[in-house]
1. Set the Förster radius R0 to 22 Å, insert the Cβ-Cβ distance between LEU80 and THR186 as r into 1/(1 + (r/R0)^6), and round the FRET efficiency to 0.05.
2. Enter the per residue convex hull volume of segment 66-141, computed from alpha-carbon coordinates, in Å³ rounded to the nearest integer.
3. Rounded, prolate or oblate: which one fits segment 168-211, using the alpha carbon gyration tensor with axes a ≥ b ≥ c (rounded when a/c is under 1.5, else prolate when a/b beats b/c, else oblate)?
4. So what's the gap between the Cα centers of segment 123-156 and segment 12-67, to the nearest angstrom?
5. Need one word for segment 18-81: rounded, prolate or oblate. Basis is the Cα gyration tensor (sqrt eigenvalues a ≥ b ≥ c); a/c below 1.5 gives rounded, then a/b vs b/c decides.
6. On the protein heavy atoms, probe 1.4 angstrom, tell me the percent of accessible surface of the chain carried by carbon and sulfur.
7. Please list, ordered by chain and number, the residues whose modelled amide H lies under 5 Å from the amide H of ASP27; skip anything fewer than 5 residues away on the same chain.
8. Relative to the longest principal axis of the chain, what angle (0 to 90°, nearest 10) does the C-alpha long axis of helix 61-74 take?
Amino acid sequence: MRTLHVVTHPEATHHVEGLVGGWHDSDLTPTGLREAAAIARALRAAVPEGAQVELISSDLLRTRRTAEEVGALFDVKPVLDERLREKSYGEAEGRQQAWLDERFLPPPAVGDRMEHREGIEGAETKADFARRVYAVMDELLDRPREHQIVVTHGYALTFVVAAWIGMPAESLGYVNFRAPSGSITTLREDDFFHNRQVVRLGDTGHLDGPA
C-alpha cells in the first residue's frame, strides 16, 4: 500500500494582512505555527512507526516552516522544490488583494482556459502552473515509497491530486479541488489493482484538537 499525504500550509501572514500570496514569501502566523504542529502530530499518528517516509515541500517560507514541524517528528529533513510553489501572480504578489481584484481578468467560460492571461504582468497561466507541479509528481511517483508527504499550497493541491489520479494535463481547464489552509489530503494506491484513491480531501479535523 502506498499513501501520499498532501498538506496545505496553515495560516500565513498574507492571509491576515489581506495580501496576495503567490510567490510572496510570507511566514506563518503564531496561529499557523500551532496549526503546523497539529498537522505534524496528525501525520505522525497516521504513519506507522518504522515506515519509510519521504518529505517534499515547496521552498517558500510558509511551507518550509510547516515541513520542518513535520520533519522534526519523523526525523526526516524536508526536500525543498520550488516547483511546488503556489501559482505566481507576478506584479500582484505582496500587494493588497483589492489591487489584484480590480485588474484580474477571469478565464472564459468556454475556450482556452489553460493559456488564458489574467491581465497581471508576470503571472503564470494555469498551463504554466500545472506543468511544473505535474513534473514534480512524475518524479515523485517514479520513486517507490510507503509514505510520501507533500507540503504545498491551496491552489497547487489541485494539480497534485489531478496528477495522482492520472488526469491528462489538457483536461485541467475546469478542474479545481478545494482544500482549506492547514488541511491534510490522503491519497492511496493499493498493491493489487494499483488503483489510486482520494481517501480524504482537505481534512482539517486535526486542527480541532488541543494546541
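1. Values: r = 23 Å, r/R0 = 1.03.
Efficiency at R0 = 22 Å is approximately 0.45.
2. It is 132 Å³ per residue.
3. On the way: a/c = 4.90, a/b = 1.37, b/c = 3.58.
Oblate, because a/c is 1.5 or more while a/b does not exceed b/c.
4. Here the two parts' Cα centres lie 16 Å apart.
5. Working: a/c = 3.07, a/b = 1.69, b/c = 1.82.
Oblate, because a/c is 1.5 or more while a/b does not exceed b/c.
6. Within the chain, the accessible surface is 51 percent carbon and sulfur.
7. Amide H to amide H, under 5 Å and 5 or more residues apart or across chains, ASP27 pairs with THR13, HIS14.
8. For helix 61-74, the angle is close to 10 degrees.
The values are calculated or read from the model by the stated rules, or taken from the named source; none is laboratory data. These numbers were taken from a predicted model, which means no experiment stands behind them. Backbone-built Cβ (ideal geometry, glycine too); neighbour counts: all protein chains shown. Please note that ligands, DNA and RNA were not included when accessible areas were found on the heavy atoms of the full protein model with its side chains. Shrake-Rupley method; radii C 1.70, N 1.55, O 1.52, S 1.80 Å.
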